[in-house]
Each structure stands twice: as C-alpha cells, then as structure tokens.
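Coordinate-derived values only; no laboratory data. Source: prediction; values computed, not measured. Neighbour counts are summed over all protein chains in view; Cβ atoms, including those assigned to glycine, are modelled from backbone coordinates with ideal geometry.
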Amino acid sequence: MLERFHVPSDEAVHVNKDDMHATVVDIFLKMGMPSDEAEVASDVLVYADVRGIETHGVSNMLRNYVKSFGEGGINPTPNPKIVREMPAAATLDCDGGHGLVVGPMAMEMAIERAKVYGIGTITANNGRHFGAAAYHAAMAIDHDMIGLAMTSGGMSVVPVDGSKPMFGLNPIAIAIPTRHEAPFIFDASMSSVAGNKIVLAKRLGVPVAPGWITREDGVPITEESEVPENYFMLPSGGTRENGSHKGSSLGIWVEIMCGLLGATGAGPNREGGAAHHFIAYNIEAFTDLEGFKDDMDTYMKEIRETPPIPGADRVLYAGLPEHEEEIERNENGIPYHPEVIDWFRGITGELNIDWRLTSD
C-alpha cells in the first residue's frame, strides 16, 4: 500500500481483528447468509485488512456488499453447481452467490483436482465480487501448492490509446510457498492501480499520481491531480512509453480466461455477473517439494538482501510487506479511518448488532 493511502497515525482507530471478524459475521448473518458461509466471507475480508490490503477489506467492500444484498444483487443462499467437467478442470455456476464464499469453494475444487492430477483448474461464472484475489491463491500454500486466481473486475479500463473501457480491473494473484521466508504472494489489478485506490484517494483527500486515470475523453492524465468527476482507469504502466501495452494485454487475457472460457462473454459483451478463474499446481507433480521450498527460500532471501539503490531502504518482493504488516496488525490491531468506524456504528445500530469495535 502506497504511503498516501495509509490512514494518518493520529487519526487511525485500531481494532482487534477478532472483534472485526465477529462484527462482519454478524452483518453477513443479518444479510441472510448461513453461519458457516458468513464465517468464510468474513475470513476473506479481514484477511485483506490484516495484510494491509485496505482496498479490498471492510473499509471499501463491506458497505458495497450490504448495498448489493439489499438490492438483490447477491444471492445469500446459493446452490453452486458444476455445469461442465473433465478430470482436472470444470466450470462452476456460482448461482449469484457471494464471491467471498464461492471463490474459496472453487479454489478448493482446483486444489482437490491437483492432488490427483498434478494440476486443477476451475472457471466460475454467474458470480459476484470475490474480494482480494490473494486470499484464494494463497489457499494453495497450505497444501504445498502454487495457486493462481483471477477475476473479471469492474469494466473501467481503456486499452492503449482507447477512449472507452474494453476490459476490467482484472486482478491476478499468484501464491508460491516457501519454507522460512515469507511466501511469494503477488496480487495486482491489470489497471494502473486498483480501482478502490481512487475511492481511498477521494476519502483521504489526496491526489492521484500521473498515469493512473484518464480524462473523460480517455486521454491519460500525466500529472498529479485531484480525482475528476468522470474518468476511466488506465492499464498497468499508464502510458505506452511506460509499458501500458503489457498491462492492457494481460487485462484482455483475464477477460478471455474468465469470461470467454466461462462462456459469459468478455469486455462490453459480458453477461451474468463476475467470472473467475482458479488454478492449483501440485509442486510434487513437477519437482521435489522440499528442494523447491529450499530453493524458494534461497531466491527470496537473495532478493530481499539485494543492495538497494541510493535513497532506498531495502528491496522487497511481493508478499513480504504484507507478511510484515500481518505480524504488526495481529499484535497492535487494524488501523481504520474514523469514517469507516462511523459507518460501522451506523450499520450495527441499524441492524441491532452488538458493538465490539472498541479501539485497542
């Protein structure tokens, strides 16, 4: 998380993760979800907050989910079913169920197939937002596997030199186990930044950086500026000179892997809600597991110990700062903006839920 998006320390309200988890469970129960599924959904949301992925934690996403439940956009009691299948692969109809529940279900299906066939993959259609992609990919780590998860995010990203959105934010997450080093866990949208970072920028009153968004006509904004009323997201890289053709191509690939492979259309032709794609790789199908984890430790340690450039403190790899954030927040609580706490006061009062979010 970039420094501009951190809640100022003199404003932050620190909340114990277990208290937040219990509160989120209570809210999902009030939305009509079964208790076991409410627990899973809360796990996914609080995972994001504990690891510092505020864009996909309770601050931004929970209020959207509550609104969607109220409007009938999320089925609180879905009956997901396999609609097409081969031994290592399947397509799952999510039945409009919460992505925070059906996502982990689909990843577990991929893992079970990988145990038998070396690789397992599930495409899920008719779904809803599934939170932080990293959560689903990281499920594979507990099984000594490599996990990959992606989803067709909000349709708001223009292709290179395009004046209207043709693909979604489309995050890709990759999780790879280690032995002692922090696992490698990459999670990023194929837009210049996660769309929710723009929401955070508005909430915190901070400007957006050059190359993040466009003007209303699709022309990239190449200087730091306030968020305009109407804008589109740029692909990762921002401009052609900075490699936006790479982010654009990967974003289009996610559209294909989720939407077209899930038979629900891609880009402006999408139908039937969000589509997701999950893959689990059983490391033992490819190489010796213990040797692989030792080699991962060696490689991650070498990256971590790479001499930094002048002015930089150290070199990081994907998953390391989140690992460190998790340790700190487990000990000292999760820092929330006062506006988020105010929202919780309002929704818990409205739903007659016990107040647990006393600052640590």
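Going from the fewest other Cβ atoms within 10 Å to the most, the residues CYS94, CYS258 appear in the order CYS258, CYS94. For region 236-360, the Cβ-based charge dipole about the Cα centre amounts to some 660 debye (Lys, Arg positive; Asp, Glu negative; other atoms uncharged). For the chain, the 222 nm mean residue ellipticity estimated from helices alone, with every DSSP H stretch of n ≥ 4 adding -39500 (n - 2.57) and the total spread over all residues, rounds to -11500 deg cm²/dmol. Sorting the segments 244-252, 82-90 by their mean number of nearby beta carbons within 10 angstrom, highest to lowest, gives 244-252, 82-90. Sorted from longest to shortest, the spans of the Cα atoms of region 80-332 along the three principal axes equal 51, 50, 37 Å. Inter-label distance, ASP144 to GLU302: 2.4 nm, where each label sits 7 Å from its Cα along the C-beta direction. Peptides 227-236, 44-53, ordered by how many other C-beta atoms sit within 10 Å of their residues on average, highest first, read 44-53, 227-236.
In the frame of its principal axes, region 1-158 has Cα extents of 54, 38, 34 Å, reported largest first. Candidates PRO228, ILE119, GLY205 compared by Cα position along the dipole of region 80-332: farthest toward the positive end lies PRO228, with charges placed on Cβ. Cross-link partners for LYS164 among the lysines, with Cα-Cα distance under 22 Å and sequence neighbours closer than 8 places in the same chain left out: LYS197, LYS246. Only Lys, Arg, Asp and Glu carry charge here, each on its Cβ (+1 for the first two, -1 for the last two); on that basis the chain has a dipole of about 1100 debye about its Cα centre.
Residue exposure proxy: ASP36, ASP93, ordered by other Cβ atoms within 10 angstrom of their Cβ from fewest to most, comes out as ASP36, ASP93. Of the residues ASN60, ASN75, ASN269, the one that moves most in a GNM of the chain with alpha-carbon contacts below 10 Å is ASN269. Computed over region 226-281, the Cα gyration tensor eigenvalues convert (square root of 5λ each) into semi-axes of 25, 16, 10 Å, ordered from largest to smallest. Only sites in a loop by DSSP and with at most 16 other Cβ atoms within 10 Å count here; which trypsin sites (Lys or Arg not before Pro) in region 126-201 make the cut? Hits after loop and neighbour filter: ARG179.
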